[in-house]
1. Just checking, how many residues over the range B:74-88 are within 8 Å of chain A (Cβ to nearest Cβ) and either surrounded by fewer than 22 Cβ atoms within 10 Å (Cβ to Cβ) or acidic (Asp, Glu) (or both)?
2. For the range A:91-129, give me the residue count where each residue is charged (D, E, K, R) and in contact with a strand residue (DSSP E or B) (Cβ under 8 Å, 6 or more places away or on another chain).
3. Of these, B:Glu198, B:Glu210, which one is within 14 Å of another protein chain (Cβ to nearest Cβ) and closer than 22 Å to B:Phe410 by Cβ?
4. Scan the range B:235-254 for residues that are modelled with pLDDT of 90 or more and closer than 16 Å to B:Asn173 by Cα and jot them down.
5. So B:Arg91 ticks every box in (1) surrounded by fewer than 23 Cβ atoms within 10 Å (Cβ to Cβ); (2) of a type in the set (D, E, K, R); (3) in contact with a Lys or Arg (Cβ under 9 Å, 6 or more places away or on another chain); (4) facing chain A (nearest Cβ under 9 Å) but one. Which box is left unticked?
6. State all residues of the range B:149-173 that are farther than 24 Å from B:Gly213 by Cβ, out of contact with any Gly (no Cβ under 9 Å at 6 or more places or on another chain) and either surrounded by 12 or more Cβ atoms within 10 Å (Cβ to Cβ) or assigned by TED's automatic domain parsing to the domain that holds B:Gln8 (or both); if no residue qualifies, say none.
7. With the condition kept exactly as written, say whether any residue in the range A:74-95 is in the same structural domain as A:Val139 (by TED's automatic domain parsing), of a type in the set (S, T, N, Q), touching a Lys or Arg at 6+ places or on another chain (Cβ under 9 Å) and open to solvent by 50 Å² or more (accessible area, probe 1.4 Å).
8. Need pairs with beta-carbon distance below 6 Å; first residue touching a residue at least 60 places away in the same chain (Cβ under 8 Å) and within the range B:80-99, second assigned to a helix (DSSP H, G or I) and among the basic types (Lys, Arg); sequence gap 6+ or separate chains.
Amino acid sequence: MRALIRRHARGFAPRAADPAPSRLAYRMQRLALTPSVRRGFTLGAPIFAVAMILTATFADPDRRAAVVAWVGEAKSQILRREEFMVRAVAVDGASAGLARTIRAQLPFELPLSSFEIDLDAVRDKLAKLEAVARVDLRVRSGGVLQIDVTERVPVLVWRTAEGLALLDGEGHRAGGIEARTLRPDLPLVAGRGADARVAEALALYAAARPLQGAIRGLLREGERRWTLVLDGGQKILLPETDPVPALERVIATDEAEDLMARDVVLVDMRNARRMTVRLAEDSARDLRKIKLLELGDD
Amino acid sequence: MRDLYQSQRAMRAIRQTAMQRGVIAVLDIGTSKIACLVLRFDGPESIDKAEGISPMAGESAFRVIGAATTRSRGMRFGEIDTMNETERAIRTVVQAAQKMAQVRVDHVIATISGGEPRSYGLAGEIELDGEAVDEQDVARCLASCEVPDLGPGREVLHAQPVNFALDHRTGMNDPRGQVGQALSCDMHLLSVDSRVVENLMHCVKRCDLELAGIASSAYVAGKASLVEDEQELGAACIDMGGGTTSLSIFWRKHMIYADSVALGGDQVTSDISKGLQVPLAVAERLKTLHGGVVATSRDDRDMIELGGESGDWERDRRTVSRAELIGIMRPRVEEILEDVRVRLDAAGFDALPSRAIVLTGGGSSIPGLDRLAPRILGQQVRTSRPIRVAGLPERATGAAFAATVGLCLFAANPQDEFWDFEVPVDRGSARSLRMAVRWFKDNW
């Protein structure tokens, strides 16, 4: 019977399956190997699945709120760590009064996390102070907020209708003062537009050093030209352009002729090539009488 | 010839797209096996321009990234006999190769081994107007070749210019840019049965693939098996396949003759099957494991168990000596080689300076063939394996894969065929438009 069994197994058993793929299987494999489909499966489908899961999770407002709260809690825990806390403020480079002002201006209460200090905003705020030229802020190790200040150095006192102010070398206000006598060391300017020509004013003061004791101040007239006012109401009117050489001429004349010691009310240099001098009225009349006497009537 | 010109041009255009996409498959549909390789092209930059390769061909470096083989089904004598079966076999092999390559292929280049290839030598000559030869002149010269009557139902498979002669100078590969009075060319034309080509096209199309080229298996086997010197000096490549034995003659690196004999390993197998009364599968196994063509005295004592598979397992325990098996195989192999000899003589192979003969294909691995073949074919016979190409798996490097490997080379650096040249201006249908375009090109 053995032969029969073998024969049965060999001869009548169903033939081995066709090794060829069916047309459908062949097409499906080709489809799966198409680059766009492959990318869709390896990249697109996972992204889609993750997006669906996230959408389903956050569709519920309670769950969303819980996640937001959890994130906020974790964030504040990190922010509140001791390592990030700022506990002191150090102000360098400022006078005592300015430092007090700066401390008063800081818009927060210490201690505070360094993440919650908006250094840029604070710096902008401090930079708006009149006496401050430049300010740098950083959080130093050890929880110290370091403020490095460069103060404006006043070089002029400026008298305006509103009151007295200090000007630095660039014409910026460097604070106000109550009375001229508080800063007798600084020269005085007056008139509108004087702050725009600080450098010129300083040059004029430097040129007028021989008259130093007698100077009351520089007056800006009509935002146009300078007038140097001396004690006793004497005035030197300077031209719009190149006032310094004109002033030097007046001073040279003064040194040679002792001009200002005479009864001169006004020296007019508005035309720089021709110096015009006005005498006081009485002196002029006397001078005229003397001339008449010398020359005779008519 | 215009119809074919268009279809071959269309195939060439498909091949260019495939090159740009970077992936193409080659499909060697033989009578005993179907092999498919998936090639990845790395672009033309990565190879240096060798002498003799025309820049028109668009050659490219490549790498084999997928390979698969399957038993052929529905094929007889290198022609498709049962299309459904062949289609299934192609699907099997393409799917396996695609799976290995992990990439989808849309374009295939296929071989034709059957279809009674016939070779023709064509000659054409034109007068030149004394200026440098340009592409238009080459095209006119090629077009001036007189096409022989191919007979009904025949189609041109290859039409390769093999030689250009300018005045008295001959043997040029590329006459462009040279000055002369008369340009003549020789062209080798290979025609096959058009039904075979149509069946193949249809079969490939049914597998959702696009045919990007067809090549004669004799030609591609020669490209893979002959070394460069042999191609230059003159050699014949004999591809001993399952259903057909195809032969091609190369000279000066061009194929000048191709033919095929409708005899092959399958006939040897069927002889064994008839002679020993065993099934074909057993006969095939006996042939590949124990076969040979030269008997020695030891072979008389070398008994082979047949395992007849007749169902009577207990009683059917026949044995046969190896000498008997050789005695069955040898006359058939001799017959094949003699047929090849006749074809070679008819082609005037004796006139070539070097008469090297290279045996390749699955049949060439019969033991003893290197002693039998010189008696019939002449002294300069060697058996060969195809050249190595990058990425080819070890199991596909044997002599049986000569045509497959040659097809890779054909895909990567194809020979210029007649249809690769420009349409001569006076023959083109859109002549005036072409003239206008040319005028614009010249003037701007």
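1. Quick first cut of the range B:74-88, residues within 8 Å of chain A (Cβ to nearest Cβ) only: B:88.
If we keep only those that are either surrounded by fewer than 22 Cβ atoms within 10 Å (Cβ to Cβ) or acidic (Asp, Glu) (or both) too, we end up with none.
Total satisfying the criteria: 0.
2. Number of matching residues: 3.
3. B:Glu210
4. B:Phe250
5. Result: B:Arg91 passes all but (1).
6. B:Met172, the sole residue that qualifies.
7. No, the range A:74-95 has no match at all.
8. Once the first residue is touching a residue at least 60 places away in the same chain (Cβ under 8 Å) and sits in the range B:80-99, its partners that are assigned to a helix (DSSP H, G or I) and among the basic types (Lys, Arg) give B:Glu87/B:Arg206.
The values are calculated or read from the model by the stated rules, or taken from the named source; none is laboratory data. Here the structure is a predicted model, which means the values were calculated and not measured. Neighbour counts run over all protein chains shown; Cβ positions are idealised from the backbone, glycine included. The accessibility values were calculated without ligands, DNA or RNA, using every heavy atom of the protein model including side chains. Shrake-Rupley method; radii C 1.70, N 1.55, O 1.52, S 1.80 Å.
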